[in-house]
Amino acid sequence: MTDITTGTYSDPDQTPPLAQAVPLGLQHVLAMFASNVTPSIIVAGAAGLAFGGPEQVYLIQMAMLFAGIATLFQTVGLGPVGARLPIMQGTSFAFVGVLAGVAATQGLSVALSACIIGGCIHFVLGAFIRHLRWLFPPLVTGLVILAIGLYLIPVAIKYAAGGAAPFQMEAESFGSLMHWSVALSVVIVALVLKFFTKGTLSNAAILVGLVVGYLLALMLGMVNFSAVANASWFTVITPLPYGFEFSLGAVIAVTLVSVVSAIETVGDTSATTKAGAGREATDEEISGATYADGLGTAIAGVFGGLPNTSFSQNVGIVGMTGIMSRHVVTIGAIVLILCGLVPKIGAVIASMPLPVLGGGVIVMFGMVAAAGLNVLSEIEMNRRNMVIIAVSLAAGLGLNLVPTAVQYLPGVVKTLATSAVAPTALVAIVLNLALPDEV
């Protein structure tokens, strides 16, 4: 059970020698790093924060810091909190649509306050999550994940072309060859590394692609390092940096996505034990993983971080390496915490031109949609299920694309109706319960 070359560290409490455990921990960080900081950049942009400014840098730092802290909740545990499994936590893409909309219309104070309350509700779900699994069969979860990806893909294209803000889309440089050459360099490098290399390079393909795109943008004069020079080496985290402002609509929207996120974590927990130890996850592990999700989200929200969830790409690393040691992932968590406490690291990330980020998120958001299709592939494509897919996506994405169609709805209902994720989930759940099975 201790031969690392044959991948037999199937006991979460075992630890490979430090010389091997540290690179394995760094591999987990490389696999999730780009996906972890991207949601904060997008939500900060939606809130109108200056790109590369100190407020955006702070949000990026919090993404790294609290991904690390939430991971420690999972791997080390705290009472009933944590699965004590090699589960890497990170900032969830599932919340981007809802939080970007709330931040753009009501401000970051409302968005982060909703994260705090939603995280607390998510935490409570840990007590009875196993009893809710019947509401979220693959048909429903697949639709929700697909809706998230389809909602985010236009954002990726706008970033690749020069930015999603109105003034950026109206600029002469929007869609220029220079912007697209940088974005496509990220995509090409990421695809080449993912499919023509193995090990760490393959797992960190998107991150390496972003680095290459960043260097190309630097040569083209697109990078401004002034924020990096002005950033300090150490930071002091601030509780409630934007205050606390309650909005029922925002809380309901975040809570609905939290339920979906909790179900995803159940799946990741089960996949981790299956891949690393060849067994099903216990009820205690599933509950502990959900508790950690909620606690990590609530605490992150207090200090300006976005909701956390388990990262599926890191489950893939466990399956690939066969290394089930939770202590390996703990090393990765410590690396993230150190990065989060150094503002200059956040400033370097924030100085990344939008077309570079756009190239990365074209791949990432496309993979989110593909993951939804992969889940849907588990179901039978009969008339009943196809009708549920059609109506759910039409309702969720249609209202999101044409928000003025429900402009006279009350604020709470309008926030939910135009969030893409919430209406897709709600319609899918209702239709799945109401429509009879085909015989």
Next on the checklist: When you scan segment 276-283, do you find a residue that is modelled with pLDDT of 80 or more and in a helix (DSSP H, G or I), even just one?
Outcome noted: yes
Item to check | Residue pairs meeting the criteria (Cβ under 6 Å; at least 6 apart or on separate chains; first at negative phi, in segment 156-177; second assigned to a loop (DSSP other than H, G, I, E, B)) | outcome: Lys158/Ala164; Ala161/Phe174; Ala161/Gly175; Gln168/Gly162; Ser173/Gly162; Phe174/Gly162
Item to check | Odd one out for Val406 among (1) more than 24 Å from the chain's Cα centre (by Cα); (2) open to solvent by less than 40 Å² (accessible area, probe 1.4 Å); (3) modelled with pLDDT of 90 or more | outcome: (3)
Checklist outcome for this item: Filter segment 316-334 for residues that are aliphatic (A, V, I, L, M) and part of a helix (DSSP H, G or I); the one that is modelled with the lowest pLDDT is Met320
Checklist outcome for this item: Condition set among the polar types (S, T, N, Q) and farther than 14 Å from Ile429 by Cβ, scope segment 105-146, selection most open to solvent (accessible area, probe 1.4 Å): answer is Thr105
Checklist outcome for this item: Gln313: passes all of (1) modelled with pLDDT of 85 or more; (2) under 18 Å from the mean Cα position of the chain (by Cα); (3) of a type outside the set (Phe, Trp, Tyr); (4) surrounded by fewer than 20 Cβ atoms within 10 Å (Cβ to Cβ) but (1)
Next on the checklist: So Trp180 ticks every box in (1) closer than 20 Å to Leu218 by Cβ; (2) open to solvent by less than 60 Å² (accessible area, probe 1.4 Å) but one. Which box is left unticked?
Outcome noted: (2)
Item to check | Among the candidates Ala21, Ala50, Ala67, Ala44, residue that is open to solvent by less than 10 Å² (accessible area, probe 1.4 Å), hydrophobic (A, V, I, L, M, F, W, C) and under 18 Å from Ala100 (Cα atoms) | outcome: Ala44
Next on the checklist: Testing Ala217 on (1) more than 17 Å from Leu357 (Cβ to Cβ); (2) open to solvent by less than 20 Å² (accessible area, probe 1.4 Å), one condition comes back false. Which one is that?
Outcome noted: (1)
Next on the checklist: Looking at segment 328-361 only, could you name the residues that are of a type in the set (Val, Ile, Thr), touching a Gly at 6+ places or on another chain (Cβ under 6 Å) and either at positive phi or open to solvent by 10 Å² or more (accessible area, probe 1.4 Å) (or both)?
Outcome noted: Ile331, Ile337
Checklist outcome for this item: Going through (1) farther than 22 Å from Phe33 by Cα; (2) modelled with pLDDT of 85 or more one by one, Ile337 fails only at (1)
Item to check | Flag if Val356 is at pLDDT 85 or above, over 18 Å from the mean Cα position of the chain (by Cα) and either over 27 Å from Met178 (Cα atoms) or assigned to a helix (DSSP H, G or I) (or both) | outcome: yes
Checklist entry - Before we move on, is Leu306 touching a strand residue (DSSP E or B) at 6+ places or on another chain (Cβ under 6 Å) and either farther than 26 Å from Gly149 by Cα or not in a helix (DSSP H, G or I) (or both)? => result yes
Checklist entry - Hey, among the residues in segment 153-170 that are of a type in the set (A, V, I, L, M) and surrounded by 14 or more Cβ atoms within 10 Å (Cβ to Cβ), which one's farthest from Leu357 (Cα to Cα)? => result Ala165
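Condition check ((1) at pLDDT below 90; (2) surrounded by 20 or more Cβ atoms within 10 Å (Cβ to Cβ); (3) touching a Gly at 6+ places or on another chain (Cβ under 9 Å); (4) not polar (S, T, N, Q)) across all residues:
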site	(1), (2), (3), (4)
Ile237	yes, no, yes, yes
Leu240	no, no, yes, yes
Phe246	no, no, no, yes
Ala262	yes, yes, yes, yes
Val266	yes, yes, no, yes
Thr269	yes, yes, yes, no
Ala289	no, yes, yes, yes
Gly296	no, yes, yes, yes
Gly301	no, yes, yes, yes
Checklist entry - Which residue pairs have Cβ atoms closer than 6 Å, lie 6 or more positions apart in sequence or on different chains, and pair a first residue in segment 42-67 that is assigned to a loop (DSSP other than H, G, I, E, B) with a second residue that is crowded, with 21+ Cβ neighbours inside 10 Å? => result Ala47/Ala103; Ala47/Leu108; Leu49/Gln56; Gly52/Ala227; Gly52/Ala350; Gly52/Ser351
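The values are calculated or read from the model by the stated rules, or taken from the named source; none is laboratory data. Computed from a predicted structure; not experimentally measured. Cβ sites come from the backbone with ideal geometry, for glycine too, and all protein chains shown count toward neighbours. Only protein heavy atoms, including side chains, enter the accessible area calculation; ligands, DNA and RNA are left aside. Shrake-Rupley method; radii C 1.70, N 1.55, O 1.52, S 1.80 Å.
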